[in-house]
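Asks: Take this structure, written in structure tokens, and hold onto it; I'll ask about it next.
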Amino acid sequence: MMKLMEEREKIIEVSEKLHRAGVIQNGQGNISIFNPENGLIAITPSAVPYHERGAEDICVVDLTGDVIEGRWRPTTEMDLHLIFYQNRADVAAVIHTHPPQATVFGVIGDEPLPMILTEAAMAIGGAVPIAPYARPGSLDLAKVTFQAVGAGFTAIMAHHGLIAVGTTIERAFAATTAVEISAATIISARSMGREVHILEMEEVKSLRELYLGYSPQKK
Ligand SMILES: [Zn+2]
């Protein structure tokens, strides 16, 4: 019986959704889910293309990064995932992607992604900061990205991509797509020679609270 079967299957499912949303290509991007009951993490392997992965290919590691189960090495960005589980009790899922539109903000580098859509206000709740550049796979990348996310849930990584964390994988996924749709919308507006209007901070806060208080189950 493999450990974290439910989490492994969830990762396969979310990989598919991320690919359909256009934010990962082939082997890019990595995903993890933390199980607080046993302190173990299910995390994508390195160098197995997402469409060739089954649940048995997902690695299981502990909070120090030691492989507990799995036939592959974990993603080379494992430190980027572990740093959140080691330091934030409110994070149980991490999604790192290379979304083409959001990454435009990461190469301009001087403008956090503003909140212009209700969807983003709900899923993220504040402007998305830009984390400074550090080399892929380095501990430095994990540190500067963790620092940029702060108490929030997302950061665009300079010259690289995006990170979204959440209490659940569904929330991290919603944050990922909300960032990419916001970036695409801003780029479209600017290609029309126009500037976007930013949602009022008060409204962003209220929308975020509504989202966090919402339960999909009927009362
Ligand atoms: Zn990456």
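Asks: Given springs between every Cα pair under 10 Å in a Gaussian network model of the chain, which of 204, 144, 196 has the largest fluctuation?
Replies: Sorting by GNM fluctuation, first place goes to 196.
Asks: Can you give the angle from 0 to 90° between the axis of helix 5-20 and the longest principal axis of the chain, with both taken from C-alpha atoms, to the nearest 10?
Replies: Helix 5-20 sits roughly 40 degrees off the main axis of the chain.
Asks: Putting +1 on Lys and Arg Cβ atoms and -1 on Asp and Glu Cβ atoms, find which of 58, 133, 187 reaches farthest to the positive end of the dipole of the chain.
Replies: 187
Asks: Excluding residue 118 itself, calculate the net charge of residues whose Cβ lies under 11 Å from the Cβ of residue 118, where each Lys or Arg counts +1 and each Asp or Glu counts -1.
Replies: Local charge sum for residue 118: -1.
Asks: What would the Debye equation give as log₁₀ I(q)/I(0) for region 65-145 at q = 0.17 Å⁻¹, counting only Cα atoms as equal point scatterers?
Replies: Here log10 of I(q) over I(0) equals -0.87.
Asks: OK, next. Ranked highest first by average number of other Cβ atoms within 10 Å, how do 60-67, 8-15, 116-123 line up?
Replies: 116-123, 8-15, 60-67
Asks: Could you pull out every residue, at least 5 positions away or on a different chain, whose amide H is within less than 5 Å of the one on residue 40? Hs are placed 1.01 Å off N in the peptide plane, and Pro or chain starts have none.
Replies: It is 35, by chain and number.
Asks: Helix 169-191 against the longest principal axis of the chain: what's the angle in degrees, Cα atoms only, rounded to the nearest 10?
Replies: Result, in degrees: 40.
Asks: Only helical DSSP H runs with n ≥ 4 go in: add -39500 (n - 2.57) per run for the chain, normalise by residue count and round the 222 nm mean residue ellipticity to 500 deg cm²/dmol.
Replies: So the calculated ellipticity at 222 nm is -12500 deg cm²/dmol.
Asks: Right, here's the next one. Scan around residue 93 for amide H atoms under 5 Å from its own, H built in the peptide plane at 1.01 Å from N, and keep only partners 5 or more places away or cross-chain.
Replies: Counting only residues 5 or more places away or on other chains, the set is 34, 166.
Asks: Mean 1/r over all different Cα pairs, inverted: what Kirkwood radius does region 1-92 give, in Å?
Replies: Roughly 13.0 Å, rounded to one decimal.
Asks: Taking the Cα centre of the chain as origin and charging only Cβ (+1 Lys, Arg; -1 Asp, Glu), how large is the dipole, in debye to the nearest 20?
Replies: 180
Asks: Then there's this: Quickly work out the residue 108-to-residue 5 label distance, labels modelled 7 Å from Cα along the C-beta direction, and quote it in nm with one decimal.
Replies: 4.8
Asks: Put one equal scatterer on each alpha carbon of region 103-190, apply the Debye formula with no solvent term, and list log10 I(q)/I(0) at q = 0.17, 0.22 1/Å to two decimals.
Replies: One equal scatterer on each Cα of region 103-190 leads to -0.64, -1.05.
Asks: For the chain, what percent of Cα pairs sit more than 31 Å apart?
Replies: The proportion of pairs with Cα distances above 31 Å equals 18 percent.
Asks: Along Cα→Cβ, 7 Å out, is where each label goes; now give me the distance between the ones at residue 21 and residue 51 in nm to one decimal.
Replies: Result for the modelled spin labels: 2.0 nm.
Asks: So for region 124-176, averaging the separation of alpha carbon pairs under 8 Å that are six or more residues apart and normalising by length, what relative contact order in percent results?
Replies: 33
Asks: Could I ask something else about it? Rg over Rh of region 113-162, using C-alpha atoms and the Kirkwood radius, what does it come to?
Replies: So for region 113-162, dividing Rg by the Kirkwood Rh gives 1.02.
Asks: Right, something else. Could you tell me the number of lysine pairs in the chain with C-alpha atoms less than 28 Å from each other, where the two lysines are 8 or more residues apart or belong to different chains?
Replies: 10
Asks: Mind listing the phi-derived Karplus ³J(HN,Hα) values for region 149-154, rounded to whole Hz, using 6.51, -1.76 and 1.60 with θ = phi - 60°, and x for any glycine or proline?
Replies: 5, x, 8, x, 10, 8
Asks: What are the ³J(HN,Hα) values, in whole Hz, obtained from phi via the Karplus relation 6.51 cos²θ - 1.76 cosθ + 1.60 with θ = phi - 60°, for each residue of region 192-201 in sequence order, with x given for Gly and Pro?
Replies: 8, x, 10, 9, 7, 9, 9, 4, 4, 4
Asks: Right, something else. Mind checking the full-extension length gain between residue 168 and residue 190? Use 0.36 nm per residue of separation minus the Cα-Cα distance, one decimal, nm.
Replies: 4.6 nm
Asks: Still on this model: Search the structure for amide H atoms under 5 Å from the amide H of residue 21, placed 1.01 Å from N in the peptide plane, and list their residues when 5 or more places away or on another chain.
Replies: Excluding prolines and chain starts, which carry no amide H, there are no hits.
Asks: Provide the per-residue ³J(HN,Hα) series for region 85-101, in order, calculated from phi with Karplus coefficients 6.51, -1.76, 1.60 and θ = phi - 60°, each as a whole number of Hz, with x at glycine and proline positions.
Replies: 5, 6, 10, 10, 6, 8, 10, 10, 7, 9, 10, 10, 9, 10, x, x, 6
Here, each number is a calculation from the coordinates, and none is a lab measurement. This one's a predicted model, so the numbers in the text were calculated from it and none came from an experiment. Neighbour counts are summed over all protein chains in view; Cβ atoms, including those assigned to glycine, are modelled from backbone coordinates with ideal geometry.
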